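Novice: One structure coming up, written as structure tokens, with questions to follow.
The values are calculated or read from the model by the stated rules, or taken from the named source; none is laboratory data. Keep in mind the model is a prediction, meaning the values are calculated, not measured. Neighbour counts are summed over all protein chains in view; Cβ atoms, including those assigned to glycine, are modelled from backbone coordinates with ideal geometry. What goes into the accessible areas is simple: the full protein's heavy atoms, side chains included, and nothing from ligands, DNA or RNA. Shrake-Rupley method; radii C 1.70, N 1.55, O 1.52, S 1.80 Å.
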Amino acid sequence: GDRLVVTAMEQVSFVQMANGILNNLLEKAARNYRELAAFRECYQYAYRRFQTPERSKFPSEAAFLTYQWWYNYQILVEGFNRDADQNRVKFWSQYLDRCTVTRLRKQQFLFMNFGKYYAVESEMMGKIYFYSTDYFESVVRLQLAKCNASEGKSWMYNSSRPAYSKAHQGNWQSEVSSRMRILEMI
């Protein structure tokens, strides 16, 4: 279990052994990322050791991708923790190894960078917006950084130019997945 693995890592006398235990956990979870969701204390230990995901910190591509998913998952769960409907966490979890998630805490937004496009979600349920990376970085990020949460949501709805937007209604998951394939995000 979670606590037992952390205890083992804390009690070993060599950093290399603790890294080996952690890398073994990452390698094992590479086949099923969702297994890591229950390992909250292990994640805190891993985060103290690795911080943000960087390929050079891991012995294999599988361990790196697993940690990247885990890191993104923790940000996603933190961001959507006030949302009673966990469908957004479930939906985005399937793509977390293909993006980088960042959180604008004060303004309550999550940004998911998929390379050519960013997906933007408010922590409080609203619409999903996809922006081209150029437009996001030159306009959207700057605008949202100077707004509060409600002003930012209003600006995105009324004034921004998304490549795509969708409310969380009906069968939104399949429509959003389809659009992500069309935009070559996934």
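For (1) under 18 Å from the mean Cα position of the chain (by Cα); (2) more than 20 Å from Tyr73 (Cα to Cα); (3) polar (S, T, N, Q); (4) open to solvent by less than 60 Å² (accessible area, probe 1.4 Å), each residue gets a yes or a no:
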{"position": "Gln108", "(1), (2), (3), (4)": "yes, no, yes, yes"}
{"position": "Asn113", "(1), (2), (3), (4)": "yes, no, yes, yes"}
{"position": "Glu123", "(1), (2), (3), (4)": "yes, no, no, yes"}
{"position": "Ile128", "(1), (2), (3), (4)": "yes, no, no, yes"}
{"position": "Arg141", "(1), (2), (3), (4)": "yes, yes, no, no"}
{"position": "Lys146", "(1), (2), (3), (4)": "no, yes, no, no"}
{"position": "Ser150", "(1), (2), (3), (4)": "no, yes, yes, no"}
{"position": "Arg161", "(1), (2), (3), (4)": "no, yes, no, no"}
{"position": "Asn171", "(1), (2), (3), (4)": "no, yes, yes, no"}
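Novice: Only one residue in Ser122, Ser138 is farther than 30 Å from Ala62 by Cβ and at pLDDT below 95, so which one is that?
Specialist: Among Ser122, Ser138, only Ser122 is farther than 30 Å from Ala62 by Cβ and at pLDDT below 95.
Novice: Quick check, is Asp134 out of contact with any strand residue (DSSP E or B) (no Cβ under 8 Å at 6 or more places or on another chain), surrounded by fewer than 21 Cβ atoms within 10 Å (Cβ to Cβ) and not in a helix (DSSP H, G or I)?
Specialist: Considered against the rule, which asks whether it is out of contact with any strand residue (DSSP E or B) (no Cβ under 8 Å at 6 or more places or on another chain), surrounded by fewer than 21 Cβ atoms within 10 Å (Cβ to Cβ) and not in a helix (DSSP H, G or I), Asp134 comes out as no.
Results for (1) at pLDDT below 95; (2) touching a strand residue (DSSP E or B) at 6+ places or on another chain (Cβ under 8 Å), shown as yes or no for each residue.
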site	(1), (2)
Phe80	yes, yes
Asp85	yes, no
Trp92	no, yes
Ala149	yes, yes
Met156	no, yes
Gln169	yes, no
Ile182	no, no
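Novice: Scan the stretch 22-35 for residues that are buried (at least 18 other Cβ atoms within 10 Å of the Cβ) and out of contact with any Ser or Thr (no Cβ under 7 Å at 6 or more places or on another chain) and report the count.
Specialist: Going through the stretch 22-35 one residue at a time, the tally reaches 3.
Novice: Continuing with the same structure: How many residues does the stretch 51-94 contain that are outside any helix (DSSP H, G or I) and buried (at least 19 other Cβ atoms within 10 Å of the Cβ)?
Specialist: So the answer is 2.
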